[in-house]
Amino acid sequence: MKDVLNNLNIASNRRSFVKNGLTAAGAAAVGAGLLAGGVPAFGHEDEKNGRLTKGDAAILRFLAAAEILETDLWQQYNELGGIQDNEVPGGTGSAPYIAALKVLDGDMDQYIHDNTEDELTHEVFINAYLASKGADTVNLDKFRTLASSKSTGAQQIGRLTNLMELTVDTSWWTRYRSRTKNPDFRDTFDQAVPSLNKGQHPAIPRKDDDLSPKDHIQAIANTAGFHFGTIEQGGTSLYPSLAQRVTSVEVLRIVLSIGPTEAMHFQTWQDKAGNAPPLTDPNDPSLVFPDLNAPHSEDLQTNLIMPEPTIFLSRKLPACSIVRPTGTKGAAMGAAKFLTAMGLFRGQSPAFFALLGDLAEDADEAKRGGQ
Ligand SMILES: [Fe+2]
Ligand SMILES: [Fe+2]
């Protein structure tokens, strides 16, 4: 994993990537895979920004990629655990998985469906807006190479993301409950479910063998329940972090209008994760979901689902209930690393990581008021 994270940095620049000896065919595939709409394969310098500033186009392209990746993962959840309909087609559902998810909330299938549809509209809208301004759009179809779940209910198609070997960081739980710490002050936070942040865990049934015993499929549903929060708190921070470097008021409006929907998702998932029943996975006794209310700690208490006020900008200012982190420096690369570190792209090609890193780097070069 460390190597992959390094690759995001080392190979993050498409110019150097091309110069450093990828074959022409490989480089062309990379360019064509990432940027649809007749973009020259070789180039970063040649990417069209149309009537947008370079920075605004780069921020929107990174967000489009993030939304494509989100859609891909939510689609997998919806096929097995959500509601399959004409709004979110694909898959036929897995009754045992849906039943286990419903232990967290009777409406989980509806919420999974709606989150999936939201991400799809984010992806389509941002790309359509880029195109409407004459700017290049993002297409990751060449990287739809990862395996689908073999469990009954999933479509058998190539995926961008892997939900079957996740390492789920649950520190957002204590981060949003802390009254004294903020990641923008370099503070660190304890895990709510320490064992989810170690090893590799499925968040969807991998095959029908995973549908029993009961506590095993419940452990998979619990993992999903926490992963939903992990993903959506990331989006909740990403939009305000990047908004600070947007130039056009209209692009700012887009970012400020999509970002809070990620917060609405996060708020919902945080509430539902608190209903995950305490248990030990019988098939993997290292995976333990603790009773978060047992220690009587405000940093763990399940019903504290609204952000506790904490330090913001300066310790001299009063505490404030806020999204955190919202630091803008390196925010896109931070998001790319966060998604990579959770194992979401396990099995992806070096070209994929190079492209993700490149898009992030371009977004992080954007300056407010730039040309
Ligand atoms: Fe989204
Ligand atoms: Fe999201």
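All of the numbers you see were taken from the coordinates with simple rules; none came from a lab. For clarity, every value in this text was computed on a predicted model and none was experimentally measured. Neighbour counts run over all protein chains shown; Cβ positions are idealised from the backbone, glycine included.
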> Can you name every residue in region 258-280 that is aliphatic (A, V, I, L, M) and crowded, with 18+ Cβ neighbours inside 10 Å?
Replying inline: ILE258, ALA263, ALA273, ALA276
> In the list THR247, THR223, THR188, which residue meets the criterion of being out of contact with any Asp or Glu (no Cβ under 8 Å at 6 or more places or on another chain), assigned to a loop (DSSP other than H, G, I, E, B) and of a type in the set (S, T, N, Q)?
Replying inline: THR188
> For region 291-327, what are the residues that are loosely packed, with under 15 Cβ neighbours inside 10 Å and of a type in the set (D, E, K, R)?
Replying inline: ASP291, GLU298, ARG315, LYS316
> How about region 79-122: which of its residues are within 16 Å of ligand 2 (Cβ to nearest atom), buried (at least 23 other Cβ atoms within 10 Å of the Cβ) and charged (D, E, K, R)?
Replying inline: GLU119
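Conditions (1) within 16 Å of ligand 1 (Cβ to nearest atom); (2) closer than 21 Å to ALA224 by Cβ, marked per residue:
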residue	(1), (2)
PHE125	yes, no
ASN139	no, no
LYS142	no, no
SER149	no, yes
VAL168	no, yes
>> Consider region 217-248. How many of its residues are within 30 Å of PRO290 (Cβ to Cβ) and within 13 Å of ligand 1 (Cβ to nearest atom)?
In response: 9
> Restricting attention to region 74-121, which residues are more than 16 Å from ligand 1 (Cβ to nearest atom) and hydrophobic (A, V, I, L, M, F, W, C)?
Replying inline: LEU80, ILE83, ALA95, ILE98, ALA99, ALA100, LEU101, VAL103, LEU104, MET108
> Out of all the residues in region 129-151, which are in contact with a helix residue (DSSP H, G or I) (Cβ under 6 Å, 6 or more places away or on another chain), part of a loop (DSSP other than H, G, I, E, B) and polar (S, T, N, Q)?
Replying inline: SER151
> So which residues in region 328-340 are small (Gly, Ala, Ser) and surrounded by fewer than 17 Cβ atoms within 10 Å (Cβ to Cβ), if there are any at all?
Replying inline: GLY330
>> I want to confirm something. Restricting to region 47-71 and keeping residues that are within 12 Å of ligand 2 (Cβ to nearest atom) and either of a type in the set (D, E, K, R) or assigned to a loop (DSSP other than H, G, I, E, B) (or both), which single residue is nearest to ASP109 (Cα to Cα)?
In response: GLU70
> With respect to ASP210, is the statement that it is part of a helix (DSSP H, G or I) and either under 25 Å from GLY91 (Cα atoms) or touching a His at 6+ places or on another chain (Cβ under 6 Å) (or both) true?
Replying inline: yes
> If you check ILE126 against the conditions, is it more than 25 Å from GLY343 (Cβ to Cβ), β-branched (Val, Ile, Thr) and surrounded by 21 or more Cβ atoms within 10 Å (Cβ to Cβ)?
Replying inline: yes
